[in-house]
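Here's the structure we're looking at; comments come further down.
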Amino acid sequence: MYDWANSAFMTTIILVFPIYFVTVAAADMPSARAEELFAWATAAAMVLVALLAPVLGAVADRAGIKKKMLAGFMIFGVVTTAALYLVDRGDWVAGVTLFILASIGINASFVFYESLLPHIANEEEIDRVRLPGGATLTQSALYALLDRVRLHETIYKQAGAVHGCALATNE
């Protein structure tokens with residue numbers, strides 16, 4: 001179920017939000033600069049998770065709170081992802097900040113998700129347990145992405161703009 005749920009982040013935020021960021025949130029800066037800024041934000045989030053993961057993992061192991069850490073980072077990721085809805089034209093600072101925080105939340109939650117696998121399956125069973133989740137993730141990610149594309153097409157046709165900016169025409 002967790003794999004299915006995180007596919008919305010992986011499709012919408014990783015694949016669609018960069019377009020929104022460049023064309024709306026950072027619309028007042030050159031496209032190349034906005035793309036570079038978003039790339040740096042992505043890298044910063046990944047580096048922060050890579051630095052935090054060993055420390056957080058050790059804390060979770062020592063205190064026996066893997067499930068609580070998973071839930072906490074998942075909720076943090078969900079809340080910061082939902083807050084991206086509030087990012088409007090010119091709100092590039094909020095967009096970058098919320099994207100970094102959401103990426104940290106979702107990717108840190110993966111650390112604890114993966115750390116729970118040895119508790120539910122032995123070494124020979126881990127792949128058997130993990131693969132259905134991965135297949136579900138791939139299938140649901142595809143459905144979620146197609147759903148977002150259809151939703152955006154409908155919005156563009158009906159309203160002609162999202163947050164005052166027609167993304168399809170780059171206006």
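The values are calculated or read from the model by the stated rules, or taken from the named source; none is laboratory data. Because the structure is a prediction, the values reported are computed rather than measured. Reconstructed Cβ throughout: ideal geometry from the backbone, glycine too, with neighbour counts over all protein chains shown. Note: areas computed on protein heavy atoms with side chains; ligands, DNA, RNA excluded. Shrake-Rupley method; radii C 1.70, N 1.55, O 1.52, S 1.80 Å.
In table form, for the structure just shown:
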read-out: Order by protection proxy (mean Cβ within 10 Å, highest first), peptides 103-111, 74-82, 25-33; value: 103-111, 74-82, 25-33
read-out: Convex hull volume per residue for the stretch 13-54, taking Cα atoms only, in Å³; value: 62 Å³
read-out: Accessible area expressed per residue, the stretch 46-109, with surrounding protein chains retained (probe 1.4 Å, Å²); value: 56 Å²
read-out: Karplus-derived 3J(HN,Hα), 6.51/-1.76/1.60, for each residue of the stretch 39-53, Hz, glycine and proline x; value: 4, 5, 5, 4, 4, 4, 4, 5, 5, 4, 5, 4, 6, 7, 4
read-out: For the stretch 68-84, Karplus couplings with θ = phi - 60° (6.51, -1.76, 1.60), whole Hz, Gly/Pro x; value: 5, 5, 4, 5, x, 5, 5, 4, 4, x, 5, 5, 5, 5, 4, 5, 4
read-out: ³J(HN,Hα) computed for each position of the stretch 86-91 - Karplus, 6.51 cos²θ - 1.76 cosθ + 1.60, integer Hz, glycine/proline x; value: 7, 6, 10, 4, x, 8
